[in-house]
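The values are calculated or read from the model by the stated rules, or taken from the named source; none is laboratory data. Fair warning: this is a prediction, and the values are worked out from it, not measured in the lab. Here the Cβ is made from the backbone with ideal geometry for all residues, glycine too, and neighbour counts use every protein chain on show. Calculation scope for accessible area: heavy atoms of the full protein, side chains included, ligands and nucleic acids excluded. Shrake-Rupley method; radii C 1.70, N 1.55, O 1.52, S 1.80 Å.
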Amino acid sequence: MRKALVIGLSFLSILSYAQDKNKEMSPKDTEIWDPIPPVVTTHKNNAAPSDAIVLFDGSDLNQWINAKNSNPAKWQINKDGSMTVVGKNKGGGSIKTKDNYGSIQLHLEWRSPELDKSRKGQQRGNSGVFIQGRYEVQVLDNNNNPTYSNGQVSSIYKQTIPLAKASVPTGQWNTYDIIYHAPEFNKDKSLKSAATITVLHNGILTIDHFELLGPTKYIGIPEYSAHGDAPIMLQDHGSPVSYRNIWLRKL
Ligand code: MG
(Lines give C-alpha, C1' and ligand atoms only; values in the text may rest on other atoms or scores of the structure.)
Protein backbone atom coordinates (compact mmCIF):
# COMPACT_ATOMS: atom_id res chain seq x y z
CA MET A 1 0.00 0.00 0.00
CA ARG A 2 2.79 2.40 1.03
CA LYS A 3 4.80 1.45 -2.08
CA ALA A 4 1.80 2.16 -4.32
CA LEU A 5 1.33 5.53 -2.61
CA VAL A 6 4.99 6.46 -3.18
CA ILE A 7 4.82 5.41 -6.86
CA GLY A 8 1.56 7.37 -7.28
CA LEU A 9 3.03 10.52 -5.69
CA SER A 10 6.22 10.22 -7.79
CA PHE A 11 4.13 9.95 -10.96
CA LEU A 12 2.10 13.01 -9.96
CA SER A 13 5.25 15.03 -9.25
CA ILE A 14 6.73 14.07 -12.69
CA LEU A 15 3.43 15.04 -14.32
CA SER A 16 3.31 18.40 -12.55
CA TYR A 17 7.00 19.02 -13.40
CA ALA A 18 6.21 18.32 -17.10
CA GLN A 19 3.19 20.62 -16.93
CA ASP A 20 5.27 23.40 -15.30
CA LYS A 21 8.00 22.91 -17.91
CA ASN A 22 5.43 23.07 -20.75
CA LYS A 23 4.18 26.40 -19.39
CA GLU A 24 7.69 27.83 -19.84
CA MET A 25 7.99 26.62 -23.43
CA SER A 26 7.10 28.32 -26.70
CA PRO A 27 5.94 26.57 -29.92
CA LYS A 28 9.40 27.16 -31.41
CA ASP A 29 11.05 25.00 -28.73
CA THR A 30 9.74 21.83 -30.37
CA GLU A 31 10.29 22.84 -34.01
CA ILE A 32 13.11 21.05 -35.86
CA TRP A 33 14.36 22.91 -38.97
CA ASP A 34 17.41 20.87 -39.83
CA PRO A 35 17.79 18.50 -41.62
CA ILE A 36 15.32 19.29 -44.39
CA PRO A 37 13.87 16.19 -46.12
CA PRO A 38 15.04 15.82 -49.73
CA VAL A 39 12.57 16.67 -52.50
CA VAL A 40 11.28 13.64 -54.42
CA THR A 41 9.33 14.27 -57.60
CA THR A 42 6.46 11.84 -58.12
CA HIS A 43 4.59 11.01 -61.30
CA LYS A 44 1.17 9.73 -62.34
CA ASN A 45 0.30 6.02 -62.52
CA ASN A 46 3.00 5.01 -60.01
CA ALA A 47 5.76 5.84 -62.48
CA ALA A 48 9.24 5.80 -60.92
CA PRO A 49 9.83 8.82 -58.67
CA SER A 50 12.91 11.00 -59.20
CA ASP A 51 15.14 9.14 -56.71
CA ALA A 52 14.18 5.58 -57.72
CA ILE A 53 16.31 2.87 -59.31
CA VAL A 54 14.32 1.63 -62.31
CA LEU A 55 14.50 -2.15 -62.64
CA PHE A 56 12.06 -2.49 -65.53
CA ASP A 57 10.34 0.21 -67.58
CA GLY A 58 9.20 -1.95 -70.49
CA SER A 59 12.15 -1.35 -72.78
CA ASP A 60 14.65 -4.10 -71.94
CA LEU A 61 15.82 -6.70 -69.41
CA ASN A 62 19.23 -5.09 -68.88
CA GLN A 63 18.81 -5.12 -65.10
CA TRP A 64 17.97 -8.85 -65.02
CA ILE A 65 19.74 -12.18 -65.44
CA ASN A 66 18.75 -15.83 -65.16
CA ALA A 67 18.60 -16.65 -61.43
CA LYS A 68 20.27 -20.04 -61.80
CA ASN A 69 23.09 -19.58 -64.27
CA SER A 70 23.38 -15.76 -64.54
CA ASN A 71 22.86 -15.93 -68.33
CA PRO A 72 20.84 -13.10 -69.94
CA ALA A 73 17.21 -13.10 -68.81
CA LYS A 74 14.92 -14.58 -71.45
CA TRP A 75 11.46 -13.49 -70.40
CA GLN A 76 9.22 -12.16 -73.14
CA ILE A 77 8.98 -8.37 -73.51
CA ASN A 78 5.53 -7.24 -74.69
CA LYS A 79 4.45 -4.20 -76.69
CA ASP A 80 2.39 -2.92 -73.73
CA GLY A 81 5.56 -2.35 -71.66
CA SER A 82 5.35 -5.56 -69.65
CA MET A 83 7.38 -8.77 -69.47
CA THR A 84 6.05 -12.30 -69.12
CA VAL A 85 7.35 -15.53 -67.60
CA VAL A 86 8.44 -17.87 -70.39
CA GLY A 87 8.70 -21.23 -68.60
CA LYS A 88 11.78 -23.24 -67.67
CA ASN A 89 11.23 -25.73 -70.50
CA LYS A 90 11.42 -22.86 -73.02
CA GLY A 91 14.62 -21.43 -71.57
CA GLY A 92 12.89 -19.02 -69.19
CA GLY A 93 13.39 -19.76 -65.51
CA SER A 94 13.35 -17.36 -62.58
CA ILE A 95 15.19 -14.08 -63.07
CA LYS A 96 17.08 -11.89 -60.62
CA THR A 97 18.48 -8.37 -60.61
CA LYS A 98 22.13 -7.94 -61.57
CA ASP A 99 22.66 -5.70 -58.56
CA ASN A 100 22.32 -6.51 -54.87
CA TYR A 101 20.03 -4.65 -52.51
CA GLY A 102 19.43 -4.36 -48.77
CA SER A 103 16.53 -2.45 -47.24
CA ILE A 104 14.20 -1.12 -49.91
CA GLN A 105 10.86 0.32 -50.88
CA LEU A 106 9.82 -1.70 -53.92
CA HIS A 107 7.01 -1.00 -56.37
CA LEU A 108 5.92 -3.46 -59.04
CA GLU A 109 2.83 -4.42 -60.97
CA TRP A 110 1.80 -7.91 -61.98
CA ARG A 111 -0.96 -9.55 -63.98
CA SER A 112 -2.26 -13.11 -63.87
CA PRO A 113 -2.63 -14.90 -67.20
CA GLU A 114 -6.13 -15.34 -68.63
CA LEU A 115 -8.17 -17.76 -66.56
CA ASP A 116 -7.17 -21.39 -67.13
CA LYS A 117 -9.69 -23.55 -65.25
CA SER A 118 -7.55 -26.65 -65.71
CA ARG A 119 -5.09 -25.08 -63.24
CA LYS A 120 -6.12 -25.02 -59.59
CA GLY A 121 -4.68 -23.91 -56.24
CA GLN A 122 -0.98 -23.16 -56.36
CA GLN A 123 -0.82 -24.01 -60.08
CA ARG A 124 -2.96 -21.03 -61.17
CA GLY A 125 -1.01 -17.89 -61.95
CA ASN A 126 1.77 -18.67 -59.48
CA SER A 127 4.86 -16.50 -59.38
CA GLY A 128 6.51 -14.59 -56.59
CA VAL A 129 8.71 -11.70 -55.58
CA PHE A 130 11.73 -12.96 -53.65
CA ILE A 131 13.30 -10.11 -51.70
CA GLN A 132 17.04 -10.64 -51.34
CA GLY A 133 16.46 -13.81 -53.37
CA ARG A 134 15.09 -15.53 -50.24
CA TYR A 135 11.92 -14.08 -48.84
CA GLU A 136 8.85 -14.62 -51.03
CA VAL A 137 5.85 -12.37 -51.35
CA GLN A 138 3.46 -14.71 -53.10
CA VAL A 139 1.94 -13.90 -56.48
CA LEU A 140 -1.08 -16.08 -57.30
CA ASP A 141 -4.40 -15.96 -59.13
CA ASN A 142 -6.51 -16.55 -56.03
CA ASN A 143 -9.82 -15.36 -57.50
CA ASN A 144 -12.31 -18.19 -56.81
CA ASN A 145 -9.31 -20.42 -56.33
CA PRO A 146 -8.89 -21.69 -52.74
CA THR A 147 -5.51 -22.70 -51.37
CA TYR A 148 -3.85 -22.75 -47.94
CA SER A 149 -4.11 -19.31 -46.30
CA ASN A 150 -0.38 -18.81 -45.84
CA GLY A 151 0.10 -19.53 -49.53
CA GLN A 152 -2.53 -17.00 -50.70
CA VAL A 153 -1.77 -14.10 -52.96
CA SER A 154 0.16 -11.45 -50.98
CA SER A 155 1.09 -13.92 -48.23
CA ILE A 156 4.65 -14.23 -47.06
CA TYR A 157 4.76 -17.73 -48.43
CA LYS A 158 4.31 -20.34 -45.69
CA GLN A 159 5.07 -17.74 -43.00
CA THR A 160 2.10 -15.46 -42.58
CA ILE A 161 -1.44 -15.00 -43.86
CA PRO A 162 -2.34 -11.75 -45.65
CA LEU A 163 -4.71 -9.44 -43.76
CA ALA A 164 -6.98 -9.24 -46.82
CA LYS A 165 -7.45 -10.59 -50.33
CA ALA A 166 -7.20 -7.50 -52.49
CA SER A 167 -6.72 -8.84 -56.01
CA VAL A 168 -8.33 -7.22 -59.03
CA PRO A 169 -10.15 -9.52 -61.51
CA THR A 170 -7.98 -12.12 -63.24
CA GLY A 171 -6.14 -10.65 -66.22
CA GLN A 172 -6.03 -7.09 -64.82
CA TRP A 173 -3.01 -5.33 -63.31
CA ASN A 174 -2.27 -5.54 -59.58
CA THR A 175 0.19 -3.35 -57.67
CA TYR A 176 2.52 -4.36 -54.86
CA ASP A 177 4.23 -1.76 -52.71
CA ILE A 178 6.68 -3.41 -50.37
CA ILE A 179 8.68 -1.89 -47.52
CA TYR A 180 11.46 -4.20 -46.49
CA HIS A 181 14.15 -3.92 -43.86
CA ALA A 182 16.96 -6.42 -44.25
CA PRO A 183 17.97 -8.64 -41.33
CA GLU A 184 21.13 -7.88 -39.39
CA PHE A 185 23.63 -10.47 -38.23
CA ASN A 186 26.22 -10.53 -35.46
CA LYS A 187 29.93 -11.11 -36.13
CA ASP A 188 29.48 -14.77 -35.21
CA LYS A 189 26.78 -14.92 -37.95
CA SER A 190 23.93 -15.35 -35.48
CA LEU A 191 20.79 -13.29 -36.06
CA LYS A 192 20.89 -9.79 -34.54
CA SER A 193 17.54 -8.56 -35.87
CA ALA A 194 15.01 -10.24 -38.13
CA ALA A 195 13.98 -8.81 -41.49
CA THR A 196 10.68 -6.95 -41.47
CA ILE A 197 8.23 -6.53 -44.31
CA THR A 198 5.11 -4.50 -45.03
CA VAL A 199 3.04 -5.09 -48.17
CA LEU A 200 0.31 -3.01 -49.77
CA HIS A 201 -1.64 -4.90 -52.42
CA ASN A 202 -3.56 -2.51 -54.66
CA GLY A 203 -3.18 0.03 -51.86
CA ILE A 204 -4.58 -2.33 -49.20
CA LEU A 205 -2.39 -3.27 -46.25
CA THR A 206 -1.94 -7.04 -46.43
CA ILE A 207 1.27 -7.55 -44.45
CA ASP A 208 1.86 -5.20 -41.50
CA HIS A 209 5.50 -4.98 -40.45
CA PHE A 210 5.89 -8.76 -40.23
CA GLU A 211 9.12 -10.17 -38.80
CA LEU A 212 10.30 -12.78 -41.28
CA LEU A 213 11.04 -16.18 -39.78
CA GLY A 214 13.87 -16.86 -42.23
CA PRO A 215 14.18 -17.65 -45.93
CA THR A 216 11.08 -19.06 -47.65
CA LYS A 217 10.94 -22.85 -47.49
CA TYR A 218 8.56 -25.08 -49.44
CA ILE A 219 9.18 -27.94 -47.01
CA GLY A 220 10.24 -27.46 -43.40
CA ILE A 221 10.80 -24.67 -40.91
CA PRO A 222 12.54 -21.44 -42.02
CA GLU A 223 15.89 -20.70 -40.42
CA TYR A 224 18.11 -17.66 -40.94
CA SER A 225 21.63 -17.90 -42.23
CA ALA A 226 23.79 -14.78 -42.40
CA HIS A 227 23.87 -12.88 -45.69
CA GLY A 228 24.54 -9.44 -47.07
CA ASP A 229 22.84 -7.45 -49.83
CA ALA A 230 21.36 -9.71 -52.48
CA PRO A 231 19.35 -9.58 -55.74
CA ILE A 232 15.58 -9.41 -56.07
CA MET A 233 14.20 -12.48 -57.82
CA LEU A 234 10.99 -12.98 -59.80
CA GLN A 235 9.78 -16.56 -59.83
CA ASP A 236 9.09 -18.70 -62.88
CA HIS A 237 6.56 -21.21 -61.53
CA GLY A 238 5.42 -22.25 -65.00
CA SER A 239 2.53 -19.75 -65.24
CA PRO A 240 2.77 -16.92 -67.79
CA VAL A 241 2.47 -14.14 -65.19
CA SER A 242 3.41 -10.65 -66.40
CA TYR A 243 5.21 -7.79 -64.65
CA ARG A 244 5.64 -4.09 -65.40
CA ASN A 245 6.78 -0.79 -63.89
CA ILE A 246 9.33 -2.14 -61.38
CA TRP A 247 11.34 0.34 -59.33
CA LEU A 248 12.83 0.63 -55.89
CA ARG A 249 14.18 3.22 -53.49
CA LYS A 250 16.97 2.27 -51.13
CA LEU A 251 16.13 2.83 -47.49
MG1 MG B 1 5.15 -18.39 -55.78
- line: With the 1.4 Å probe rolled over protein heavy atoms, the chain has an accessible area per residue in Å² of 58
field: Acute angle (nearest 10 degrees) that the helix 2-24 long axis makes with the longest principal axis of the chain, alpha-carbon atoms
entry: 80
Apportionment of accessible area to carbon and sulfur, the stretch 106-251, percent (1.4 Å): 52
message: Give the lysines reachable from LYS117 as a straight Cα distance under 25 Å; neighbours fewer than 8 places away on the same chain don't count.
response: LYS88, LYS90, LYS158, LYS165
query: Straight-line reach from LYS21: which aspartates and glutamates have a Cα under 19 Å away, not including same-chain ones fewer than 8 places off?
result: ASP29, GLU31
statement: Of 25-36, 150-161, 56-67, ordering from highest average Cβ density within 10 Å down gives 150-161, 56-67, 25-36
- prompt: Per residue of the chain, what 222 nm ellipticity follows from adding -39500 (n - 2.57) for every DSSP H run with n ≥ 4, rounded to the nearest 500?
  reply: -3000 deg cm²/dmol
- line: A chain fully extended from ILE221 to ASN69 at 0.36 nm per residue, minus the present Cα-Cα distance, gains in nm 52.0 nm
task: Please quote Rg/Rh for the chain to two decimal places, taking the Kirkwood radius as Rh and restricting both calculations to Cα atoms.
output: 1.12
Local electrostatic count, LEU205, Cβ distance below 13 Å [Lys/Arg +1, Asp/Glu -1]: -1
Dimensionless Rg/Rh of the stretch 77-149 - Kirkwood Rh, Rg from C-alpha atoms: 0.97
